[in-house]
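*Asks:* Dropping a structure here in structure tokens format, bear with me for questions.
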Amino acid sequence: MDSIKQSASQLVFTVRRQKAELIAPAKPTPHETKFLSDIDDQEGLRFQIPVINFYRKDSDYSTGRNHDPVKIIKKAIAETLVFYYPFAGRLREGNGRKLMVDCTGEGVMFVEADADVTLEQFGDELQPPFPCLEELLYDVPGSAGVLNCPLLLIQVTRLKCGGFIFALRLNHTMSDAAGLVQFMTAVGEMARGASVPSTLPVWCRELLNSRDPPRVTCTHHEYDEVPDTKGTIIPLDDMVHKSFFFGPSEVSALRRFIPPHLRKSSTFELLTSVLWRCRTISLKPDPEEEVRVLCIVNARSKFNPPLPNGFYGNAFAFPVAVTTAAKLCKNPLGYALELVKKAKSDVTEEYMKSVADLMVMKGRPHFTVVRTYLVSDVTRAGFGEVDFGWGKAVYGGPAKGGVGAIPGVASFYIPFKNKNGENGIVVPVCLPAFAMEIFVRELNGMLKGNDDPLGKYTNYAIIKPAL
């Protein structure tokens with residue numbers, strides 16, 4: 001199969017794919033049914049999440065030694081699935097929309113490919129959006145369903161320079177970023193010759209199940225049912241993907257907007273407040289309408305005792321900050337920052353149990369998406385550390401922003417080193433074209449210091465009621 005695509009970056013290349021195949025565990029594994037947790041199977045996680053890692057050529061490549069990444073990684077996946085055998089199964093749905101893994105051992109889907117392009121041709125700053133992503137992570141027809149389909153799709157594409165691309169698509173109900181990296185790390189260890197992963201997988205999904213009887217004990221505005229009265233869910237046509245880099249100088253420029261009593265705010269809290277505000281201004285909601293930001297918070301350490309080492313299920317919450325568009329955009333940045341800090345602090349063990357109870361009582365609802373922005377910090381997840389024997393990835397992490405059951409809502413914070421060698425964070429943002437122009441203008445205004453940092457910074461005049 002040959003596909004030639006042209007991207008916005010004008011990089012054109014051909015990808016030759018072999019027929020997709022299933023990789024089963026290397027040894028027999030238990031045939032059993034394993035239930036997902038009541039956090040795992042909520043509606044907002046019933047989608048496929050794409051990840052992509054780029055690797056340079058092996059230092060021995062020029063000597064002609066046989067270091068075929070496809071062959072090595074395929075074998076390692078089969079060996080790793082002996083330990084992570086639920087990934088080789090298929091999801092089924094039972095009473096009350098409860099999801100469970102039928103551990104059939106059928107395997108994960110694998111695509112072998114070759115591209116007539118070098119790593120260097122992708123440019124000196126590898127970041128989303130990637131050209132021809134749909135060819136580097138091919139959507140095998142019939143494979144993308146949540147139920148009765150492969151839970152992982154992996155494509156390894158050899159590059160003509162000797163490097164390769166490892167792309168993966170995960171059914172999000174199975175794992176969060178930490179769980180996925182744990183699996184990928186295990187594949188890397190097996191590829192480098194290990195016989196057992198250094199961290200053994202732990203299922204224990206019952207630790208995140210509802211109580212008996214279920215009782216919602218916390219406030220969960222992230223699951224409010226909000227009618228889309230003004231048609232403000234982002235349209236899917238004319239969407240633009242851009243990435244924004246925040247290094248030491250950018251973060252320092254934005255910190256000027258923080259009032260003294262909030263100076264100890266984290267970079268995550270600062271960026272979330274800035275991006276939420278700029279994004280809201282760009283989308284021009286009605287000034288009196290509610291807008292929200294959902295911050296993904298890893299809850300593994302919030303439990304007493306903590307969740308067991310090796311747990312690879314979803315163990316995070318979506319705490320939310322809510323205000324009106326007018327308040328968010330007319331107030332100085334400190335207003336948004338306080339809301340974000342408060343939302344993050346809401347997540348406790350009790351909060352997680354309350355979410356699980358809500359899922360069971362309300363039919364596993366989707367989180368609110370109307371006038372919502374969702375941010376996920378994967379700077380410490382470790383995607384780029386995964387080593388299949390070719391060293392660490394040149395880029396490792398989410399393949400694009402805006403993914404989810406409702407596209408356009410989410411951004412990831414991804415660790416990144418720019419061409420000047422500065423370490424920072426890259427954030428892919430997905431917006432309609434008209435909004436992206438305004439977003440860029442607003443963000444640049446803050447970064448260039450065109451406004452009085454702690455004074456009346458506002459361009460709210462550009463927000464008009466949606467027609």
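The values are calculated or read from the model by the stated rules, or taken from the named source; none is laboratory data. Note that the coordinates shown come from a computational prediction; the quantities given were computed from them, not determined experimentally. Note that we place each Cβ from the backbone using ideal geometry, even for glycine, and neighbour counts take in every protein chain shown. Surface areas here come from the heavy atoms of the whole protein model, side chains and all, with no ligands, DNA or RNA. Shrake-Rupley method; radii C 1.70, N 1.55, O 1.52, S 1.80 Å.
*Asks:* At a Cα cut-off below 19 Å, give the lysines reachable from residue 344, other chains included and same-chain residues fewer than 8 away excluded.
*Replies:* Within the straight-line cut-off, residue 344 pairs with 264, 302, 353.
*Asks:* Quick one: of the DSSP bridges fully inside segment 253-397, what percent are antiparallel, nearest 5?
*Replies:* For segment 253-397, the DSSP antiparallel bridge percentage is about 65.
*Asks:* Roughly what percent of Cα-Cα pairs across segment 66-144 reach past 16 Å?
*Replies:* Result for the distance tail: 69 percent.
*Asks:* If packing is taken as the average count of other Cβ atoms within 10 Å, what order do 44-53, 435-444 fall into, highest mean first?
*Replies:* 44-53, 435-444
*Asks:* Give the residue from 361, 226, 379 lying farthest towards the positive end of the charge dipole for the chain; charges sit on Cβ (+1 for Lys and Arg, -1 for Asp and Glu) and the dipole is referred to the Cα centre.
*Replies:* In the chain, that residue is 379.
*Asks:* May I have the convex hull volume per residue, in Å³, for the Cα set of segment 101-220?
*Replies:* That works out to 190 Å³ per residue.
*Asks:* Taking the chain as the reference, fit the longest principal axis to its C-alpha atoms, fit the long axis of helix 333-345 to the helix C-alpha atoms, and give the angle between the two in degrees, 0 to 90, nearest 10.
*Replies:* Between helix and principal axis, roughly 50 degrees.
*Asks:* Follow-up question, since we're still on this one. Past 19 Å, Cα to Cα, is the threshold; run 160/400; 242/342; 19/74; 342/400 against it and keep the listed order.
*Replies:* Going by Cα-Cα distance, 160/400; 242/342; 342/400 fall outside the 19 Å limit.
*Asks:* Another question, if that's okay. Tell me, what is the percent relative contact order of the chain, built from C-alpha pairs under 8 Å that lie six or more residues apart?
*Replies:* 23 percent
*Asks:* May I ask for the angle, rounded to the nearest 10°, between helix 349-362 and the longest principal axis of the chain, with both axes built from Cα atoms and the value confined to 0 to 90°?
*Replies:* 80 degrees
*Asks:* Given the C-alpha atoms of the chain, compute the convex hull and give its volume per residue in Å³.
*Replies:* About 148 Å³ per residue, rounded to a whole number.
*Asks:* Restricting to DSSP H runs of at least four residues, report the calculated mean residue ellipticity at 222 nm for the chain, -39500 (n - 2.57) per run over all residues, nearest 500 deg cm²/dmol.
*Replies:* Theoretical 222 nm ellipticity from helices: -7000 deg cm²/dmol.
*Asks:* Tell me the carbon and sulfur percent of the accessible area for the chain, rounded to whole percent, probe radius 1.4 Å.
*Replies:* Of the solvent-accessible surface of the chain, carbon and sulfur hold 52 percent.
*Asks:* Check the straight Cα-Cα distances from residue 327 and name the aspartates and glutamates below 12 Å, setting aside those fewer than 8 residues away within the same chain.
*Replies:* Partners within reach: 286, 288, 289, 290.
*Asks:* Which angle from 0 to 90°, rounded to the nearest 10, does the C-alpha axis of helix 177-191 make with the longest principal axis of the chain?
*Replies:* Computed tilt is about 30 degrees.
*Asks:* Then there is this: Would you mind getting the accessible area per residue of the chain, heavy atoms of the protein chains only, 1.4 Å probe, in Å²?
*Replies:* 41 Å²
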